Structure formats: structure tokens, C-alpha cells
Amino acid sequence: MNKNPLFWRNPDYGQQAALPFSQADLFDAVARWERFAPYLERTFPETIATHGIIESPLIRLEHLQESWTELNSLGLNGKLFLKADNQLPISGSIKSRGGIYEILKFAEQIAMVEADLVYQDNYQILASAKYRKLFANYGVIVTSTGNLALGVGIVAAAFGFKTTVYMSHDARQWKKDKLRANGVTVKEFTTDFSHVITQARADASRDPRIHFVDDEGSADLFLGYAVAAVHLQKQLQQHHIKVDSTHPVVVYLPAGVGGSPSGVTFGLKTIIGPNIHAVFCEPTHVPSVTLGMMTKLNDQICVQDIGLDGLTAADGLAVSRPSRLAGNIMRTLLFGSVTFAEPDIFRYVAQLMDTQQIAVEPSAAAGFTAIPTITKNVSAFNTPDTTHIVWATGGNLLPENEKIANYIQGKALL
Ligand SMILES: *Cc1c(COP(=O)(O)O)cnc(C)c1O
């Protein structure tokens with residue numbers, strides 16, 4: 001309530017609990033991404049190099065780590081890495097995982113039920129006139145002012161779905177322009193965003209052929225995010241990173257509604273196990289997931305209920321009420337969470353640019369802000385054998401002038 005940065009250590013971490021998803025659900029999603037790879041490769045030239053696989057590199061931040069003590073007046077034990085989802089194709093953000101996956105699943109279901117697609121087909125046929133004509137009978141609605149709109153909008157329109165993005169009037173012009181250029185209808189609203197969601201949900205429910213992408217509780221989004229863990233397991237091995245009780249891996253994830261960090265965490269726990277630990281990072285003005293989990297009220301409480309304004313420059317994290325899924329599933333899977341004051345994310349945006357020449361959006365730098373707090377408070381994670389992975393959740397589509405403005409703002413704070 002005082003807007004002070006805090007560290008919340010989850011008292012239920014590591015307990016046994018029944019989860020609504022299983023490893024089989026996760027591998028069902030992995031297989032679906034693989035079936036669609038030929039389609040994605042054909043439809044989105046930026047994925048040709050990876051043969052239609054939507055993935056991002058794991059980057060060792062050697063130079064930032066060398067300068068860490070000097071820049072942040074605190075040492076850093078262990079090794080520092082960046083999971084560069086800012087480079088993911090199509091949305092330039094982590095939303096390419098969940099958002100695109102949800103559209104793939106919708107398209108596959110229609111193509112199988114209403115036409116003759118079978119699992120062993122080469123899914124490039126879904127780009128043919130026959131299927132595009134079929135998909136044109138269906139619609140997709142998504143509400144977002146940010147990256148989710150880009151991921152869902154661009155891919156849904158590419159299939160041929162009638163795609164509508166509901167946005168608040170203050171959404172960035174370049175996002176609206178990009179969506180419209182890709183054949184997406186953008187509806188703008190001047191009302192509060194929670195009303196926009198209600199409106200969108202109601203519009204979608206009137207027509208069974210319209211699919212509503214529900215950022216507040218979609219299982220498909222969740223499983224699309226979770227697939228990241230399967231690729232990360234391989235990348236850890238490629239970097240010779242051990243994961244066991246004396247070699248912990250700590251993953252720092254920015255949380256907005258909580259869907260993407262929870263999906264990723266579920267995947268990490270399912271695939272990699274008890275020695276990889278997730279920490280969520282939220283603005284002091286919008287600690288929605290932390291609030292829901294601390295109080296165990298989950299989506300029944302929002303930050304305005306305790307007098308916070310919900311305002312942040314980290315627009316990817318500006319969600320006042322947590323998702324219906326996140327809190328429940330994370331109850332035993334989340335190590336803890338840390339909140340940050342606004343200037344911190346800009347400082348790390350500038351540090352990452354100066355030392356590694358990597359540009360991320362402010363939201364995506366949130367993970368760095370938690371490292372000093374975690375290493376100070378958790379001695380087990382303050383060892384030379386700890387691996388710290390900051391999940392950079394977005395940034396590549398930011399226009400150059402915004403990247404520069406963010407950098408200048410951070411540089412002034414160094
Ligand atoms: C959406 C987003 C997040 C947070 O994801 P949630 O599912 O809302 O928790 C973090 N960073 C960026 C850049 C995002 O776009």
C-alpha cells in the first residue's frame with residue numbers, strides 16, 4: 001500500500017498439490033507447434049531460418065556481469081543469462097508463444113471438424129485458398145493494448161480469420177497501424193479497459209463462430225507459454241548449465257496478468273524439476289499477481305482495492321487484476337515475487353544496451369530488478385554455482401525513437 005519495493009517468499013512453495021494441467025497437456029502443445037512449423041515457415045518469412053520454430057536464444061550476459069558490481073554497487077555471484085524473447089518472431093515478445101499457439105489450435109480444430117485436415121498432413125495446405133475460404137467464415141476477437149494484440153492479430157488475420165482487436169484509445173499509434181496493415185480491424189474505446197473486455201466477451205459470445213482470446217484465464221495461452229521450458233532444457237544443456245540442489249537456476253519473470261510467467265513456470269517445473277526456481281517481478285504500483293497470491297484471494301482482489309493506482313510505464317505489466325489461472329496454479333510452484341520502483345527498469349534498459357547492445361522494452365527489464373533482492377535474502381541463490389536467467393519478454397517491434405527515449409531515460413539514472 002505504501003508503494004515500497006518488497007520481497008514476498010511464498011510459504012507454500014514446493015508443497016504437493018493437484019494441478020489442472022499435466023505433462024501430457026504440455027507435450028500435446030509441443031506436438032501441435034511442430035505440426036504447424038511448415039505452415040509458419042511458409043507464411044512468415046522471418047521464421048524460415050528456424051524452419052517455422054518460434055524460439056529465442058539463451059544469451060550469456062558476460063559484459064553486463066563484468067560491470068554489474070560497478071553499476072549496481074553490489075556483487076553478483078553465479079552466472080547471468082538472458083532468455084531473449086524480445087527477439088521472438090511476429091510479436092517481438094513472449095506473446096508469440098501463447099497468443100500464436102491459441103490461434104493454431106483454433107485453426108486446427110476448424111480444419112479438422114469442418115474440412116478434411118488430418119494430423120499427418122503437411123500443414124502448409126492450410127495456407128491454400130480452400131482453407132482460407134473456410135477460415136473466412138470464422139472470427140477472432142482479442143482485447144489488448146499491447147503485445148498480445150500483435151501476436152494474435154497478425155497470425156489470426158494471416159489464416160484468414162475475421163480478426164478484431166479491441167483497444168483502449170491510448171494504445172500506441174504504431175501498434176494500430178501495424179495491425180491494420182496486416183488486415184486486422186482495430187476498434188478503439190474511450191472507456192475504462194475492464195469495460196472493453198466485458199464488451200468484447202459479450203460480442204464474441206453472440207456468434208459461435210467467433211473465438212475470444214481470454215487473457216484472464218485461457219488454458220491455450222497458458223500451455224503455449226509452457227512449451228518454452230522444453231526448448232530451455234536443451235539450451236541449458238548446450239550452455240553446460242547443471243541443474244541440481246547445489247546448482248540452482250533462478251528464472252526472473254515479469255508478470256502482468258500472470259498468464260505468461262505462470263505458463264512458463266509450470267513448464268519449467270514439469271520439465272526441469274525442483275531445482276529451477278521462478279521469481280515474478282511486478283511494479284510497486286501494480287503488484288496484482290503478488291497481491292492475489294499473498295492474500296490467496298487471487299482474481300478476487302485487484303490493486304485498486306488496496307488504494308494503488310495501477311499506473312506504470314511498463315505497459316506490458318499494467319494489469320490491475322490477476323488472471324483466474326495464475327494464482328491457483330502458482331500456489332506451490334512460485335518461489336516468490338519482488339516488486340520494483342519505476343526508475344529501476346529504465347536503468348537496466350540502459351545497462352543492457354551499454355554492455356551488450358541489446359534493446360528491450362521497459363517491462364522486459366523487470367527481471368533484473370529482482371536480482372539484488374533475491375541474492376541478498378536467499379543465501380542458497382548467492383553462490384558461484386547459481387545461474388540467473390532474466391526473461392526478456394519483449395522489445396523488438398518497438399519503434400527506434402521509443403527505444404532511444406527509453407535508453408536516454410535510463411542513462412540519466414546511471
Ligand atoms: C504480456 C507481457 C508480460 C506479462 O505477461 P502476462 O501474461 O500479462 O503476465 C511481460 N512483458 C511483456 C513485454 C509483455 O508483453
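The values are calculated or read from the model by the stated rules, or taken from the named source; none is laboratory data. Worth saying up front: this structure is predicted, and the values here are computed from it rather than measured. Quick reminder, even Gly has a Cβ in these numbers, built from the backbone with ideal geometry, and neighbours come from all protein chains shown. The accessibility values were calculated without ligands, DNA or RNA, using every heavy atom of the protein model including side chains. Shrake-Rupley method; radii C 1.70, N 1.55, O 1.52, S 1.80 Å.
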Charge dipole of segment 95-218 about the Cα centre (unit charges at C-beta), most positive-ward option of Phe193, Ala136, Gly98:
Ala136
With charges set only on the Cβ (+1 for Lys and Arg, -1 for Asp and Glu), what does the dipole of the chain come to about its Cα centre, in debye to the nearest 20?
300
Taking the alpha-carbon set of segment 95-218, what are its Rg and Dmax in Å?
14.4, 47
Heavy-atom accessible area ranking, 1.4 Å probe, most first, across Met1, Met293:
Met1, Met293
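Using only alpha carbon pairs under 8 Å that are at least six residues apart, calculate the relative contact order of segment 95-218 and give it in whole percent. Before the final figure, lay out the partial values.
Numbers: 167 pairs, mean separation 31.7, N = 124.
26 percent.
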Degrees between helix 95-113 axis and first principal axis of the chain (Cα, 0 to 90, nearest 10):
30
Placing unit charges on C-beta atoms (Lys and Arg positive, Asp and Glu negative, everything else neutral), compute the dipole magnitude of segment 95-218 about its Cα centre in debye, rounded to 20.
400
How tilted is helix 193-205 with respect to the longest principal axis of the chain? Cα atoms for both, answer in degrees (0 to 90, nearest 10).
30
Could you point to the residue in Asn406, Leu6, His231 farthest towards the positive end of the chain's charge dipole, with +1 and -1 charges on the Cβ of Lys/Arg and Asp/Glu respectively?
His231
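Set the Förster radius R0 to 22 Å, insert the Cβ-Cβ distance between Arg35 and Arg132 as r into 1/(1 + (r/R0)^6), and round the FRET efficiency to 0.05.
Values: r = 18 Å, r/R0 = 0.83.
It comes out at approximately 0.75.
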Excluding same-chain residues fewer than 8 positions from Lys234, which lysines have a Cα within less than 17 Å of its Cα?
Lys83, Lys242, Lys269
Determine the calculated [θ] at 222 nm for the chain from helices alone, applying -39500 (n - 2.57) to every DSSP H run no shorter than 4 residues and normalising by the residue count; nearest 500 deg cm²/dmol.
-13000 deg cm²/dmol
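Using a 10 angstrom Cβ neighbour count of at most 14 plus a DSSP loop assignment to flag exposed trypsin sites (Lys or Arg not before Pro), which longest range of the chain is free of such sites? Kindly include the intermediate steps, with their values, before the conclusion.
Details: sites that count: Arg206, Arg209, Lys242, Lys296.
The longest uninterrupted stretch comes out as 1-205.
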Please give, to one decimal in nm, the separation of the simple spin-label points placed at His247 and Gln304, each 7 Å out from Cα toward the Cβ.
4.9
Against the rule of thumb 2.2 N^0.38 Å, how large the Cα Rg of the chain comes out:
0.94
How far is helix 366-377 tilted off the main Cα axis of the chain, in degrees rounded to 10, range 0 to 90?
40
Quick check: Cα centre of segment 201-259 to Cα centre of segment 289-364, how many Å?
15
Could you do me a favour and compute the accessible area per residue for segment 214-313, 1.4 Å probe, result in Å²?
32
Would you list which lysines come within 23 Å of Lys187, measuring only between C-alpha atoms, while excluding same-chain residues fewer than 8 positions from it?
Lys95, Lys162, Lys175, Lys176, Lys178
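Tally Lys and Arg at +1 and Asp and Glu at -1 over the other residues with C-beta under 14 Å from the C-beta of Glu70: what net charge comes out?
Details: positive: Arg347; negative: Glu66, Asp354.
For residues surrounding Glu70, the net value is -1.
Only Cα pairs under 8 Å and at least 6 apart count here; give the relative contact order of the chain as a rounded whole percent. Could you put the intermediate results ahead of the total?
On the way: 835 pairs, mean separation 91.3, N = 414.
Contact order relative to length: 22 percent.
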Among all the aspartates and glutamates, which ones have a C-alpha under 19 Å from Lys411's C-alpha, if same-chain residues fewer than 8 places away are not counted?
Glu66, Glu70, Glu342, Asp344, Asp354, Glu361, Glu400, Glu402
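Rounded to the nearest 0.05, what FRET efficiency do Asn401 and Gln16 give with R0 = 45 Å and r taken as the Cβ-Cβ distance? Could you check? Walk me through the intermediate numbers first.
Numbers: r = 51 Å, r/R0 = 1.13.
So, using R0 = 45 Å, E works out to roughly 0.35.
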Using a 1.4 Å probe on the protein heavy atoms, what percent of the accessible area of segment 95-218 belongs to carbon and sulfur?
49
